[in-house]
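The values are calculated or read from the model by the stated rules, or taken from the named source; none is laboratory data. What you are looking at is a predicted structure, and each value in this text was computed from that prediction instead of being measured. A quick note on method: Cβ atoms are made from the backbone with ideal geometry, for glycine too, and the neighbour counts reach across all protein chains shown.
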Amino acid sequence: MDVDALMAQASDLQSKVAAAQEKLGGMRVKGIATGGACVIDMSGKYDIISVKINPDVLANGTAAVEDAVLAAMRDAKAKADTLIDDVMADATAGLPLPR
C-alpha cells in the first residue's frame, strides 16, 4: 500500500471527524420523561443546555423529581448516541476503516 495515500486518507479522516464534532456541538436533542415531567435539551456532544421540570412533579416529592430527571437524561443520551452515530457514519463514509 502506498504510504503517501495512506497518510492522505488519515489526514482526510481527521479533518472530517473534526468537522463532524463541530457539527455535533451545534446540534440539539430533547430528552423527555414520561408525560413531559422533565425535558432536557442536550447538544450532540452531551452538553446539557437546559433542564425543565414540570411544576406538577415538584409536588410529588424529591423521588419523583429524581426519577423524571433520570428518565429525561437517559432519553436525551439515547437520542444523542443515535445522532452521533449518524453524523460520524457520514463523516467516515467511503473510507476503508477496520472493523
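Could you tell me whether any residue of region 79-98 is surrounded by fewer than 13 Cβ atoms within 10 Å (Cβ to Cβ), of a type in the set (A, V, I, L, M, F, W, C) and at pLDDT 95 or above? Checked region 79-98: no residue is surrounded by fewer than 13 Cβ atoms within 10 Å (Cβ to Cβ), of a type in the set (A, V, I, L, M, F, W, C) and at pLDDT 95 or above.
Set side by side, the residues Asp47, Asp12, Asp41 differ, and just one is within 24 Å of Met88 (Cβ to Cβ) and touching a Ser or Thr at 6+ places or on another chain (Cβ under 6 Å), which is Asp41. Considering every residue within region 25-37, establish whether at least one is at pLDDT below 90 and within 19 Å of the chain's Cα centre (by Cα). Yes - at least one qualifying residue is present in region 25-37. Checking each residue in region 38-76 for being of a type in the set (S, T, N, Q) and within 27 Å of Gln21 (Cα to Cα) picks out Ser43, Ser50. Selection of region 45-79 for residues being basic (Lys, Arg) and farther than 14 Å from Lys30 by Cβ yields only Lys45. Scanning region 6-34 for residues that are more than 17 Å from Ile49 (Cβ to Cβ), surrounded by 15 or more Cβ atoms within 10 Å (Cβ to Cβ) and of a type in the set (D, E, K, R) turns up just one, Lys16.
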